[in-house]
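Take a look at the structure set out below.
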Amino acid sequence: EADIYQTPRYLVIGTGKKITLECSQTMGHDKMYWYQQDPGMELHLIHYSYGVNSTEKGDLSSESTVSRIRTEHFPLTLESARPSHTSQYLCASREGWQPQHFGDGTRLSIL
Amino acid sequence: QKEVEQDPGPLSVPEGAIVSLNCTYSNSAFQYFMWYRQYSRKGPELLMYTYSSGNKEDGRFTAQVDKSSKYISLFIRDSQPSDSATYLCAMSEATSYDKVIFGPGTSLSVIP
């Protein structure tokens with residue numbers, strides 16, 4: 001079972017603030033992913049990484065950025081939060097041909 | 001047209017019922033098929049995954065893939081109140097395993 005930790009679990013913050021959502025995994029997985037999920041809607045891939053110093057944009061355009069300096073850590077940053085960024089953000093990882101395993105997400109609300 | 005279609009429900013069944021959850025898709029290149037369960041305020045939890053066509057059984061859960069009809073199903077036998085959750089189907093091509101396409105999920109309630 002994959003152990004993926006996301007913090008904070010909930011965040012309510014004002015417009016214009018810089019936000020970093022944390023994601024860490026203890027399994028040593030090379031591949032990590034960030035998804036955005038709105039209520040009743042599909043998960044949409046916004047960023048992924050194949051390993052250290054590798055980052056790629058997903059199919060859904062996002063104003064966020066990511067970094068991968070350490071294998072276990074894949075933070076997502078919003079430089080200036082807006083109400084349109086209100087959503088749930090899910091982090092996932094996988095290894096080899098195994099399916100992705102998810103963390104419990106961060107529910108972000110921008111006022 | 002979306003690549004993956006899934007009836008959002010909500011679906012409400014009595015405890016002990018057999019539940020059938022379904023997804024249809026349009027991309028014939030999909031080879032990997034997954035089912036995730038998502039409880040409220042939690043992340044998706046992998047239930048089952050299959051490669052190509054056929055059936056796979058794990059306890060009370062059976063996954064079926066019919067590639068000729070572009071149709072996948074998840075059956076839950078002897079449903080329990082603890083099965084109440086949203087069920088997401090997901091699929092990907094063999095050459096684009098990182099690009100997983102998710103359905104919107106079906107909300108299931110199992111009534112005691």
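The values are calculated or read from the model by the stated rules, or taken from the named source; none is laboratory data. No experiment lies behind these values; they were computed from the predicted model shown. Positions of Cβ are generated from backbone atoms using ideal geometry, with glycine treated the same way; all protein chains shown enter the neighbour counts. Note: areas computed on protein heavy atoms with side chains; ligands, DNA, RNA excluded. Shrake-Rupley method; radii C 1.70, N 1.55, O 1.52, S 1.80 Å.
Here are a few things to note about the model shown:
- Rel. contact order, % - alpha carbon contacts under 8 angstrom, at least six apart, the range B:49-112: 24 percent
- Taking the square roots of five times each eigenvalue of the Cα gyration tensor of the protein assembly as shown, the equivalent ellipsoid has semi-axes of 30, 20, 16 Å, listed largest first.
- For chain B, the per residue solvent-accessible surface stands at 46 Å², with DNA, RNA and ligands left out and a 1.4 Å probe.
- For chain B, the relative contact order comes to 37 percent (Cα pairs under 8 Å, sequence separation of at least 6).
- Computed over the alpha-carbon atoms, chain B gives an Rg to Rh ratio of 0.96, Rh here being the Kirkwood radius from the mean inverse distance.
- Once you reduce the range B:1-41 and the range B:88-103 to the center of their Cα atoms, the two points are 14 Å from each other.
- The listed residues B:ASP7, B:ASP98 rank as B:ASP7, B:ASP98 when sorted by accessible area, largest first, using a 1.4 Å probe.
- In this view, the solvent-accessible surface of A:ASP104, computed with a 1.4 Å probe and all protein chains in place, comes to about 50 Å².
- Area of B:GLU15 that stays accessible when all protein chains are in place (1.4 Å probe, Å², to 10): 90 Å²
- Accessible area in the full protein assembly, largest first, 1.4 Å probe, for B:TYR49, B:TYR36: B:TYR49, B:TYR36
- Exposure check, 1.4 Å probe, all protein chains in place: A:LYS57 carries approximately 140 Å² of accessible surface.
- Interface size, chains B and A: roughly 2000 Å² of accessible area buried, both sides included, 1.4 Å probe, rounded to the nearest 100.
- Sorting B:TYR71, B:TYR25 by accessible area puts them as B:TYR71, B:TYR25; the probe is 1.4 Å, largest comes first, and only protein heavy atoms count.
- Interchain or long-range residues, amide H under 5 Å from B:LYS67's placed H: B:GLY54
- Accessible carbon and sulfur surface of chain B relative to its total accessible area, %, 1.4 Å: 48 percent
- Value of relative contact order over the range A:4-110, rounded to a whole percent, pairs C-alpha under 8 Å and six or more apart: 37 percent
- Residues of the range A:87-111 that lose at least 20 Å² of accessible area (1.4 Å probe, protein heavy atoms only) when the other protein chains are present, relative to their chain alone, are A:ARG94, A:TRP97, A:GLN98, A:PRO99, A:GLN100, A:HIS101, A:PHE102, A:ASP104, A:ARG107.
- Sparse packing (at most 15 other Cβ atoms within 10 Å of the Cβ) combined with a DSSP loop state is found for the following chymotrypsin sites (Phe, Trp or Tyr not before Pro) in the range A:1-63: A:TYR50.
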